[in-house]
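The values are calculated or read from the model by the stated rules, or taken from the named source; none is laboratory data. It should be emphasised that the depicted structure is a prediction, and the values quoted were computed from it without experimental measurement. So basically every Cβ, Gly included, is an ideal-geometry build from the backbone, and we count neighbours across all protein chains shown.
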Amino acid sequence: MSTEKTIPATLIPGDGIGPEIVQSVTEILDAVGAPFKWEKALGGVAALDATGSPLPKETIESIRRTGLALKGPLTTPVGGGFKSINVTLRQEFGLFANVRPTKTIVPGGRFENINLVIFRENLEGYYAAMENYIPYGDDPHAIATSAGYTTRRECNRIVRYAFEYAVKNNRKRVTLVHKANILKLLTGLFLEEGRKVAKEYEGRVEVNERIVDACAMQLVTDPWQYDCIVTTNLFGDILSDLTAGLVGGLGLAPGANIGEKAAVFEAVHGSAPDIAGQNKANPTSLLLAANMMLAHVGRQDLATRIDKAIEKVITSGAVRTGDLGGKATTTELTAALKQALV
Ligand code: NAI
Ligand code: MG
């Protein structure tokens, strides 16, 4: 087995806990002989401070070259300030599919044996954020509006991606999650395309439908009925944090942003400013994202080795960070994971 670093990939340490968890994950990837040749690039507040831009040209060029990136979380200002770099990257590279698997790793939680995947449309919906104020009387901000949009093309593409994934990964069912009873056009179009695509997979993958609020409730009362969920942007954002909560929180939730020419892998969580720089962050979400990246480049063998180390160390409870009720530091967990690699 070759351990040569032959696959160029962009590495964005990011903000807050980003540099700590990126350090941890690259150490583990090195230990397992992952083939990535890293091009380090800046993004987020770290980039803004260093270069005056939250997404420097060099970073975009690097991803365009490599078509592959592992990204730490990036801080986004709330309310005003610059536009989310995560959203900008998705749009710049047409990363249409956000794939977020949720799997029980730590036993003894409120929910056992969870194993589902959320596919979130990544380019449209309310994330288009075409927002405006309308003045009334003396108040220039009396009314706020936001226009979302969905296109037949993207609805079709994300649902098809979910069904293709289901076929390739022996998944049984895809649930179309929508709010077409109220947003009859915006999410009705999604449902219409979803039903159309589902017909092509008849006999191979089951399909059903849920309204998003009922889905949220069922995910907490009976999450096992779900296998693959495909939905529009904002609903997918919210439901994937919910499902992360089912299996022990944001420390165990990876995500991939997939496009035709590039793929960006990241944790579902943000930059966790409350614990940044304290050696407390759980690197497992980003490590699981790196595993998705390994699978993406055809190295499932290495991902499996890392998965086994995670099982040995975290599932067994030997070493856990604070978010999972343990006392270990990021560096202690990293060392334990490296040692557990076979
Ligand atoms: P957050 O996910 O950063 O933190 C929420 C809570 O979870 C905090 O208590 C944090 O300490 C904890 N947490 C998160 N990741 C953890 C880890 N790996 N180990 C242990 N504990 C962890 O969400 P928040 O506070 O809403 O957002 C902070 C910043 O991150 C914001 O600027 C937000 O816009 C940005 N963000 C970036 C994302 C990205 O780059 N993909 C995704 C989500 C948020
Ligand atoms: Mg989110």
*Taking only segment 246-259 into account, find how many residues are at pLDDT below 90 and within 14 Å of ligand 2 (Cβ to nearest atom).*
2
*What about Lys103, is it charged (D, E, K, R) and in contact with a strand residue (DSSP E or B) (Cβ under 8 Å, 6 or more places away or on another chain)?*
yes
*asked:* Against the conditions (1) surrounded by 14 or more Cβ atoms within 10 Å (Cβ to Cβ); (2) more than 23 Å from the chain's Cα centre (by Cα), where does Pro140 fall short? Just the number, please.
replied: (1)
*Taking the stated definitions as given, is Phe119 at pLDDT 95 or above, of a type outside the set (A, V, I, L, M) and part of a strand (DSSP E or B)?*
yes
_All positions within segment 68-89 that are touching a strand residue (DSSP E or B) at 6+ places or on another chain (Cβ under 7 Å), surrounded by fewer than 22 Cβ atoms within 10 Å (Cβ to Cβ) and of a type outside the set (Val, Ile, Thr)_ = Leu68
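So, Gly248, is that one touching a residue at least 12 places away in the same chain (Cβ under 8 Å), surrounded by 23 or more Cβ atoms within 10 Å (Cβ to Cβ), in a loop (DSSP other than H, G, I, E, B) and not aromatic (Phe, Trp, Tyr) or not?
Taking the combined requirement at face value, the residue satisfies it.
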*Filter segment 221-232 down to the residues that are touching a helix residue (DSSP H, G or I) at 6+ places or on another chain (Cβ under 9 Å) and in a helix (DSSP H, G or I), then identify the one that is farthest from ligand 1 (Cβ to nearest atom).*
Gln225
_Criterion first (buried (at least 24 other Cβ atoms within 10 Å of the Cβ), more than 16 Å from ligand 2 (Cβ to nearest atom) and over 25 Å from Arg64 (Cα atoms)) does Gly277 satisfy it?_
no
*Qualifying positions in segment 260-274 - more than 15 Å from ligand 2 (Cβ to nearest atom) and part of a loop (DSSP other than H, G, I, E, B)*: Glu260, Lys261, Ala262, Pro273, Asp274
*If you check every pair at least six apart or on different chains, which have Cβ atoms under 8 Å apart with a residue in segment 126-143 that is in the same structural domain as Leu185 (by TED's automatic domain parsing) first and a residue that is surrounded by 10 or more Cβ atoms within 10 Å (Cβ to Cβ) and of a type in the set (Asp, Glu) second?*
Tyr127/Asp237
_Restricting to segment 152-205, give me the number of residues that are of a type outside the set (D, E, K, R), in a loop (DSSP other than H, G, I, E, B) and on the phi < 0 side of the Ramachandran plot._
10
*Would you mind stating whether Ala336 is farther than 20 Å from Phe265 by Cα, surrounded by 17 or more Cβ atoms within 10 Å (Cβ to Cβ), at pLDDT 95 or above and in contact with a Ser or Thr (Cβ under 6 Å, 6 or more places away or on another chain)?*
no
*Matching residues, segment 97-120, being of a type in the set (Phe, Trp, Tyr) and surrounded by fewer than 21 Cβ atoms within 10 Å (Cβ to Cβ)*: Phe111
